Amino acid sequence: MFRYLPIRSVNGREILDSRGNPTVEVEVTVGEGILGVDCFTGRALVPSGASTGKYEAAELRDHETRYHGLGVQKAVENVNTVLSEAVLGENALDQSHIDRLLLEADGTVNKEHLGANGILGISLAAARAAAEALHIPLYQYLGGCKATRLPVPMMNILNGGRHADNTVDLQEFMIMPTGAGCFREGLRMCAETYHTLKKILKSRGLSTAVGDEGGFAPDLKDAREVLSLIMEAIEQTGLEPGREIVIAIDAASSELYLEKEQLYYFPGESHQTNQKILRNTEDMIQYYQELISQFPIVSIEDGLCETDFEGWKHMTDRLGNRVQLVGDDLFVTNVNRLSRGISMGVGNAILIKVNQIGTLSEAMDAVEMAQKAGYRAVVSHRSGETEDAFIADLAVAMGAGQIKTGAPCRSERNAKYNQLLRIEERLGESGVYQSPFETEIY
């Protein structure tokens, strides 16, 4: 490296996430002078998921009485001792080296020894501190001078599954403003549709309470009823479904899967119809085919469970030329699982969650592998989020073209949208906003 920017201090603390549960915050200070003089500090707040894949990096929790066992004091202690010692004095400008030292300090494949939450906090904070020291935006530090692509938002407007206490079985129903001319316009289109949906729900006596990610969470019969309401909201907003606004779904099917029976159980739909609704792999694929034929759906995430690579292969062969098939629990931002999927021709996109893998370098490696293989990448938040907008910069840095970060009604979600508005303003005419899909699909 031509410049050496030593890490001078690392400080972790326990804070609260958007669900009121503890999580880790880390501050990393870097600088070449005396501590406090010509030094720069980066701060990172670590998110946490509710619907988590079994192959995700391990989150370290205290499992004591405080916070109902969800405290992270052990992870914070690791940040302030063994993990801090591993990187103090090291060059913050060498992100791969910093992350490698953190992984070596943990010494386990899944980061269960010291905790992925503490490791990630240092990894992200070091990158932000380096960007601050160089006086350049975080997206430019991570992505270089070609980091100019603004992502199309996948805005969650109706929640179900593990993200809401309602009868909707599929976890997320999202809208994407693919027909917008810029990010700012796309955000407006989505926010207006969101508020129109609220008016429709209220007029029909349905709940307008929201789930973990800010989407509305009414009791509805099934996915078709959800999608019909969303179509109505798009049209009442004065937008054209399939041309200006399209729909994406996160089925989170691993949460529905009964491993012993090898079937998918739909509890909400069963309750609404007074009969037990079970679907096998073929039924699930046929179910998606029917939805795609009726509604302008361009993306389905986790359509089948995280262990069923063969089923995913069958689904990809059937649906992959019509919609984006995103692996979240299937790939867990892990290059080894992604490599297996690529070699089998499974899926055609990966969801990127930095806390799913545990270091910034590993997350960026997964994006690069996906893009080289012709797979799309979708940068994503978690249901337990914070006000940290790091993923907004990451999406631009990697040219991902798509971002999931929730509904426009909660500050931890809007923090990412607002940061993207700032980035778009800073990029000016250099900024690029482009749909990853065909302009008109319906």
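The values are calculated or read from the model by the stated rules, or taken from the named source; none is laboratory data. All values derive from a computational prediction rather than experimental measurement. Positions of Cβ are generated from backbone atoms using ideal geometry, with glycine treated the same way; all protein chains shown enter the neighbour counts. Ligands, DNA and RNA are stripped out before the accessible areas are found, and what is left, the full protein with its side chains, is counted by its heavy atoms. Shrake-Rupley method; radii C 1.70, N 1.55, O 1.52, S 1.80 Å.
Scan the range 314-335 for residues that are under 26 Å from N110 (Cα atoms) and either surrounded by fewer than 21 Cβ atoms within 10 Å (Cβ to Cβ) or out of contact with any Gly (no Cβ under 8 Å at 6 or more places or on another chain) (or both) and report the count.
The number of residues fulfilling the criteria is 3.
For residues that are over 23 Å from K353 (Cα atoms) and of a type outside the set (D, E), scanning just the range 58-72, find the one that is surrounded by the most Cβ atoms within 10 Å (Cβ to Cβ).
The residue in question is Y67.
E282 is checked against (1) open to solvent by 70 Å² or more (accessible area, probe 1.4 Å); (2) under 24 Å from the mean Cα position of the chain (by Cα) and fails just one. What number does that condition carry?
(2)
Identify, from the list G49, G42, G69, the residue that is touching a His at 6+ places or on another chain (Cβ under 6 Å) and either small (G, A, S) or modelled with pLDDT under 95 (or both).
G69
Looking at L351, L420, which is the one that is in a helix (DSSP H, G or I) and buried (at least 17 other Cβ atoms within 10 Å of the Cβ)?
Checking each option against the conditions leaves just L420.
Please work out which residue is most open to solvent (accessible area, probe 1.4 Å), limiting yourself to the range 80-109 and to residues that are within 24 Å of the chain's Cα centre (by Cα) and under 28 Å from G143 (Cβ atoms).
R100
Looking at (1) under 15 Å from L170 (Cβ atoms); (2) part of a strand (DSSP E or B), can you tell me which one Y287 breaks?
Here Y287 meets the rest and fails (2).
I'm trying to understand the selection: among the residues of the range 367-417, which are assigned to a loop (DSSP other than H, G, I, E, B), touching a Pro at 6+ places or on another chain (Cβ under 7 Å) and among the basic types (K, R)?
Hit for the range 367-417 is R382, nothing else.
What are the pairs with Cβ atoms under 7 angstrom where one residue, in the range 406-420, is of a type in the set (S, T, Y) and the other, located anywhere, is part of a helix (DSSP H, G or I)? Sequence gap at least six, or different chains.
Sorted first by the residue in the range 406-420, then by its partner, the pairs are Y417/L187.
Considering the range 223-254 alone, what residues qualify as being surrounded by fewer than 20 Cβ atoms within 10 Å (Cβ to Cβ) and assigned to a helix (DSSP H, G or I)?
Of everything in the range 223-254, those that are surrounded by fewer than 20 Cβ atoms within 10 Å (Cβ to Cβ) and assigned to a helix (DSSP H, G or I) turn out to be R224, E225, S228, M231, E232, E235, Q236.
Just the residues that are open to solvent by 50 Å² or more (accessible area, probe 1.4 Å) and of a type outside the set (K, R), please, taken from the range 4-24.
Hits for the range 4-24 are Y4, N11, E14, L16.
Of all residues in the range 191-222, count the ones that are hydrophobic (A, V, I, L, M, F, W, C), assigned to a loop (DSSP other than H, G, I, E, B) and closer than 18 Å to F295 by Cβ.
Total meeting the criteria: 1.
Just to be sure I understand, how many residues within the range 323-343 are on the phi > 0 side of the Ramachandran plot and polar (S, T, N, Q)?
Of the residues in that region, 1 qualify.
Quick check on this structure: which one of G374, G341 is surrounded by fewer than 21 Cβ atoms within 10 Å (Cβ to Cβ) and either within 19 Å of G215 (Cβ to Cβ) or without any contact (Cβ under 8 Å) to a residue 40 or more places away in the chain (or both)?
Exactly one of G374, G341 is surrounded by fewer than 21 Cβ atoms within 10 Å (Cβ to Cβ) and either within 19 Å of G215 (Cβ to Cβ) or without any contact (Cβ under 8 Å) to a residue 40 or more places away in the chain (or both), namely G374.
Do we have A180 as closer than 26 Å to E306 by Cβ, buried (at least 21 other Cβ atoms within 10 Å of the Cβ) and small (G, A, S) here?
No, not satisfied.
Basic (K, R) and either more than 11 Å from the chain's Cα centre (by Cα) or modelled with pLDDT under 95 (or both), is that true of K404?
no
Checking S339 against (1) part of a helix (DSSP H, G or I); (2) in contact with a strand residue (DSSP E or B) (Cβ under 8 Å, 6 or more places away or on another chain); (3) hydroxyl-bearing (S, T, Y), which test does it fail?
In the conditions (1) part of a helix (DSSP H, G or I); (2) in contact with a strand residue (DSSP E or B) (Cβ under 8 Å, 6 or more places away or on another chain); (3) hydroxyl-bearing (S, T, Y), S339 misses (2) alone.
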